[in-house]
Amino acid sequence: LSLYRELGEEAAFESLAHATLPRIAEMGERNALRKDLAEMLGRQSERAPDCIDILKDVLLDDPGDLAATEQLKHLLLQAGDAAELTDFLRQQFQLALERGNADEVTGAALTLGNDLSQEAPAEALSVYLKAVERADTSQELLQAIVSHLPEDTASEEQAYWLYRLLEVSDETTAPSVAIALCEVERGIGNEGKAIAALREAARATFVKSRRV
């Protein structure tokens, strides 16, 4: 395969790649070959449909592959079919929920949510909320929920999600989360909880400084 690629023998590379893919057991290695093949075929505009199919296979294996998602989005936009990408990502997310693997659910949710964020932020939030039921300790999902809460969200609900996020935050992110929580609790009138949140921010900052 490397020799064919170096020689620019695209037809031979494609033929051997298709013959090799079914025999590769490791997902990362399999997807690396798929992406190499998509890159080669992408040099020919008439092969865009084949590239799209290959990238979909990549994402079926690894829903969290953001680079493949962006490449697929680019090709579908060029073809005037951005809606197909969103539909495909929705299908991926549903399959991930059915399989129940927390990492897969997280990857699929973040990819779909990122696609929806600009045009449909409420749907993006709904995706994150469904996903966190299966991946309840995912810092990325909880951060996405906090970031997508509408401005008119009740303070008590904001506090609930900030507490959830604080529980899984590391020393790098915990200070800012604790300070945000302090502001929410102070707004509610829970001065004791606000002070406790500030103490947590100070503790996390101290831990971080000791590790530097």
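Since every read-out is calculated from the coordinates, none of them should be taken as a lab result. Computed from a predicted structure; not experimentally measured. Cβ: placed from backbone, ideal geometry, glycine included. Neighbour counts: every protein chain shown.
Structure summary
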{"read-out": "P(r) weight above 20 Å for segment 41-143, C-alpha pairs, percent", "value": "36"}
{"read-out": "Listed residues Gly64, Gly100, Gly192, most fluctuating in the chain (Gaussian network, C-alpha, under 10 Å)", "value": "Gly192"}
{"read-out": "Where labels lie 7 Å past Cα in the beta-carbon direction, separation of Asp170 and Glu133 in nm", "value": "3.0"}
{"read-out": "Debye intensity ratio in log₁₀ form over the Cα atoms of the chain, taken at each q of 0.18 Å⁻¹", "value": "-1.17"}
{"read-out": "Three-way shape label, segment 1-97, alpha-carbon gyration tensor, a/c 1.5", "value": "oblate"}
{"read-out": "Nitroxide proxy distance, nm - points 7 Å out along Cα→Cβ at Ser45 and Ala122", "value": "4.0"}
{"read-out": "Neighbourhood charge, 9 Å Cβ-Cβ cut-off, centred on Ala159 and excluding it, Lys, Arg +1 and Asp, Glu -1", "value": "-2"}
{"read-out": "Rounded tilt (10° steps) of 48-61 against the dominant C-alpha axis of the chain", "value": "50"}
{"read-out": "Helix-only [θ]222 nm of the chain, DSSP H runs n ≥ 4, -39500 (n - 2.57) each, per residue, nearest 500", "value": "-25000 deg cm²/dmol"}
{"read-out": "Tensor-based shape of segment 94-143 (alpha-carbon gyration tensor, a/c under 1.5 rounded, otherwise prolate or oblate)", "value": "prolate"}
